[in-house]
Amino acid sequence: MEQRPASSRHAGFTLIEFMIYISIVASVLLSATVFSRMLVENQVKQEALSEVGYNGSFAIERMMYVGQRADALAAQSVYGAHPGVLIFNTPNGQTVIDTYQKNITHNGVALTIRKLRLQEGGAAAVDLTSDAVDVSRFYLSNFSSGATFSVKISLIIQAVNPGGSKAYEASQSWDTTVTVRKK
């Protein structure tokens with residue numbers, strides 16, 4: 001049997017081997033790209049959920065804190081409508097919790113969102129929610145009876161999502177009752 005010299009041996013890929021190699025590399029790159037995109041979208045989603053959760057929890061805790069230190073609910077509070085207005089009579093005057101509309105720009109898109117704010121006495125109002133969320137429901141129900149002042153707060157907050165992207169979809173609701181503690 002005759003052997004060929006080493007220089008004449010097959011030293012490259014055939015066309016079929018090259019096509020198989022290209023398809024394997026393309027499949028791996030496509031899988032890595034899809035996986036990376038899913039990771040980024042999940043991170044964005046978690047950030048939106050975290051922002052919504054933080055804002056809602058902070059606002060509810062602040063309303064409970066003020067309510068538990070108040071003397072009574074003020075007659076000017078607005079119940080049974082969105083947006084409600086919650087007014088507590090406190091030793092330092094009235095504390096008002098309400099909403100207002102604010103124009104913002106988010107990812108290059110101009111939007112109008114609703115924010116929750118708190119104003120104590122004659123001090124300037126302080127925002128309870130950030131510009132990254134929208135208060136889509138602030139509904140109050142008066143559960144007061146006799147000398148007991150109680151209000152049910154129904155709050156829904158959603159992430160600002162001008163493009164309607166699934167990655168930015170985040171919403172959470174809170175329902176709680178605040179009872180004014182008599183001193």
Exercise. Based on what the data block shows, is VAL133 in contact with a strand residue (DSSP E or B) (Cβ under 6 Å, 6 or more places away or on another chain), within 30 Å of MET38 (Cβ to Cβ) and modelled with pLDDT of 90 or more?
Worked result: yes
Exercise. Taking into account only those residues within region 165-178 that are surrounded by fewer than 16 Cβ atoms within 10 Å (Cβ to Cβ) and polar (S, T, N, Q), which is farthest from PHE143 (Cα to Cα)?
Worked result: SER165
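Could you check how many residues of region 155-168 are part of a loop (DSSP other than H, G, I, E, B) and of a type in the set (A, V, I, L, M, F, W, C)?
Of the residues in region 155-168, the ones part of a loop (DSSP other than H, G, I, E, B) are 160-165.
Within this subset, residues satisfying the condition of being of a type in the set (A, V, I, L, M, F, W, C) are 160.
Qualifying residue count for the region: 1.
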Exercise. Just to be sure, is LYS152 over 28 Å from VAL44 (Cβ atoms) and either touching a helix residue (DSSP H, G or I) at 6+ places or on another chain (Cβ under 7 Å) or part of a strand (DSSP E or B) (or both)?
Worked result: yes
Exercise. With respect to THR176, is the statement that it is touching a Ser or Thr at 6+ places or on another chain (Cβ under 9 Å), β-branched (Val, Ile, Thr) and within 30 Å of VAL44 (Cα to Cα) true?
Worked result: yes
For this session: Identify all residues within region 135-164 that are touching a residue at least 12 places away in the same chain (Cβ under 8 Å), loosely packed, with under 14 Cβ neighbours inside 10 Å and more than 19 Å from TYR65 (Cα to Cα); write none if there are none.
Result: ALA147, GLY163
Seminar exercise, completed: Residue count, region 78-112, condition at pLDDT 90 or above, over 19 Å from SER130 (Cα atoms) and of a type in the set (S, T, N, Q), comes to 3
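Can you name the residue in region 2-51 that is of a type in the set (Lys, Arg) and at pLDDT 85 or above and is also surrounded by the most Cβ atoms within 10 Å (Cβ to Cβ) among such residues? Steps first, please.
From region 2-51, those of a type in the set (Lys, Arg) are 4, 9, 37, 45; that's our starting set.
From what is left, the residues that are at pLDDT 85 or above are 37, 45.
Working: ARG37: 11, LYS45: 17.
Ranking the candidates gives LYS45 first.
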For this session: Search region 93-104 for residues being of a type in the set (S, T, N, Q) and surrounded by 14 or more Cβ atoms within 10 Å (Cβ to Cβ), and hand back the single one that is farthest from ALA81 (Cα to Cα).
Result: GLN94
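Take ASP71 and tell me if it is surrounded by fewer than 17 Cβ atoms within 10 Å (Cβ to Cβ), charged (D, E, K, R), out of contact with any helix residue (DSSP H, G or I) (no Cβ under 7 Å at 6 or more places or on another chain) and in contact (Cβ under 8 Å) with a residue 24 or more places away in the chain. Give the derivation first.
Details: surrounded by fewer than 17 Cβ atoms within 10 Å (Cβ to Cβ): yes; charged (D, E, K, R): yes; out of contact with any helix residue (DSSP H, G or I) (no Cβ under 7 Å at 6 or more places or on another chain): yes; in contact (Cβ under 8 Å) with a residue 24 or more places away in the chain: yes.
It is true that ASP71 is surrounded by fewer than 17 Cβ atoms within 10 Å (Cβ to Cβ), charged (D, E, K, R), out of contact with any helix residue (DSSP H, G or I) (no Cβ under 7 Å at 6 or more places or on another chain) and in contact (Cβ under 8 Å) with a residue 24 or more places away in the chain.
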Problem set entry | Pairs with Cβ under 9 Å, 6+ apart, first in region 105-134 and under 16 Å from ILE87 (Cα atoms) and touching a residue at least 40 places away in the same chain (Cβ under 8 Å), second among the acidic types (Asp, Glu) and in a strand (DSSP E or B) | LEU116/ASP98; LEU116/ASP127; LEU118/ASP98; LEU118/ASP127
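The values are calculated or read from the model by the stated rules, or taken from the named source; none is laboratory data. Nothing here was measured: the structure is a model prediction, and the numbers come from that model. Heads up, the Cβs are rebuilt from the backbone with ideal geometry, glycines too, and the neighbour counts pull from every protein chain shown.
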